1. Does segment 213-223 contain any residue that is in a helix (DSSP H, G or I), surrounded by 14 or more Cβ atoms within 10 Å (Cβ to Cβ), touching a residue at least 24 places away in the same chain (Cβ under 8 Å) and of a type in the set (A, V, I, L, M, F, W, C)?
2. Could you check, for segment 321-329, whether at least one of its residues is over 18 Å from MET29 (Cβ atoms), surrounded by 14 or more Cβ atoms within 10 Å (Cβ to Cβ), modelled with pLDDT of 75 or more and out of contact with any Gly (no Cβ under 9 Å at 6 or more places or on another chain)?
3. Please work out which one of (1) among the basic types (Lys, Arg); (2) modelled with pLDDT of 85 or more; (3) under 22 Å from the mean Cα position of the chain (by Cα) is the condition ARG228 fails and give its number.
4. Being closer than 20 Å to LEU248 by Cα, at pLDDT below 85 and within 16 Å of the chain's Cα centre (by Cα): is that true of GLY138 here?
5. Restricted to segment 144-153, and to residues that are at pLDDT 85 or above and in a strand (DSSP E or B), which residue is surrounded by the most Cβ atoms within 10 Å (Cβ to Cβ)?
6. Step by step: first the residues of segment 129-143, then only those that are over 13 Å from PHE175 (Cα atoms) and not basic (Lys, Arg), then the one that is surrounded by the most Cβ atoms within 10 Å (Cβ to Cβ). Which residue is that?
7. Any chance segment 185-198 includes a residue that's charged (D, E, K, R), at pLDDT 75 or above and in contact with a strand residue (DSSP E or B) (Cβ under 6 Å, 6 or more places away or on another chain)?
8. Would you confirm whether or not segment 237-259 contains a residue that is among the polar types (S, T, N, Q), assigned to a loop (DSSP other than H, G, I, E, B), surrounded by 21 or more Cβ atoms within 10 Å (Cβ to Cβ) and out of contact with any Asp or Glu (no Cβ under 9 Å at 6 or more places or on another chain)?
Amino acid sequence: MRTKSLGASLLGVAYLLVLVWTGLGLLMMPGLVGEEWPGWSSTMVLVVVVVLPSAAMLLTISPQTGRVARWIAVVAVGALFGKVLWSLYDVGAVVLLALLPVLVIAAVAVLLLRFSWPGATSREVADLKLPLLPLPVGRTAVVRNVVRAPAGVAFEVRWLEWHGVLCRRRRLAVFVAPSLPAALPPLEVRPGSGMLRSDLSLESAEFNRSFDVLGEDSRYLMAVLHPRTMQALLDARPFTLTVAGTALVISDDTELTADVLANGFAALDSLEVPRHVFDQWGTHPPQPQPGVRFTGARFNPSVAAAFLRLLSLSCALLALTLAGCLAAAAAEEPFGPARSVPTLLITIAFLAIMAAGCALGSRPRGPARQVYGSALA
């Protein structure tokens, strides 16, 4: 326990040192290319004091810090754009080329925050009492548009899926049947090529061509996927069926529209697990808990992963800014960088490789970890 705590503390210190290193690199960038642009230092101080800490908070991406950092980042980027416009008025258009990478990254960040961030969690979630749902949903998930029906409960899940320092918005329409009377082993039936489990042959050739079936026990899979269930899934395509514990869920990577709602409830109502499946493979079920919880989190929340994400962002920002400054200096006369051009180009390439390597290193390895993520945060 002490070793782990010491390692986390050292990574926390390294996290701060990367921020300092990035800030110093941005401040000294004109000197590397032999230029002195008025207003550069004050602009970079704004980046270091406000933008970089906001980015560091966003890379930790927890529901609490994420919402605060989102608004801080929007204000910071707005101030940055205002400062750059003032610098353009004082210095001229050449500084725009040097600041272009910073502006592009800031603009992309604002667009991601504006159009990708999940909305607020629906108030109806607190009234739900559902089993742990076997869905690979990120840890910043929010639940919207809760609809109850005799067949079960439907809602839409929104979250951000991170790939290194980049993220994209995910939406999932989810339909949950009432809790099963006994806990069952994991089973997943997803639309696909039908070749992922070639050793499992069911009665329907069309079903075998249309779905990939995942599970450990072929006898259990065939018992659950009886002809009526197979036909219901064929009619409900492209829904995915997932069973684990006391949860029976169908889902689709889309928003919860009226058509999806009608098709989903029709499919959920037609699914039935035979009684003998519970007698043979069922175990004592846990009690459902209030709220909506998910077993999977395809986001690495560790301190080491957060450090790699920050280092990737830092290296990418320095590489792009150095390239922009070099291009701006080359556009002016005389051109006399403090370092040789080949050395600067090698530095840019090294930083770019570091950024790509750290981004790849921060990805979760293997299947999603079994982490309890709550949509009530």
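The values are calculated or read from the model by the stated rules, or taken from the named source; none is laboratory data. Note that the structure is predicted; figures quoted are calculated from it, not measured. So basically every Cβ, Gly included, is an ideal-geometry build from the backbone, and we count neighbours across all protein chains shown. Just so you know, the surface numbers come from the protein's heavy atoms only, side chains and all, with ligands and any DNA or RNA stripped out. Shrake-Rupley method; radii C 1.70, N 1.55, O 1.52, S 1.80 Å.
1. yes
2. no
3. Unmet condition: (3).
4. Taking the combined requirement at face value, the residue satisfies it.
5. GLY152
6. Out of the qualifying residues, it is VAL137.
7. yes
8. Yes, segment 237-259 contains at least one residue that is among the polar types (S, T, N, Q), assigned to a loop (DSSP other than H, G, I, E, B), surrounded by 21 or more Cβ atoms within 10 Å (Cβ to Cβ) and out of contact with any Asp or Glu (no Cβ under 9 Å at 6 or more places or on another chain).
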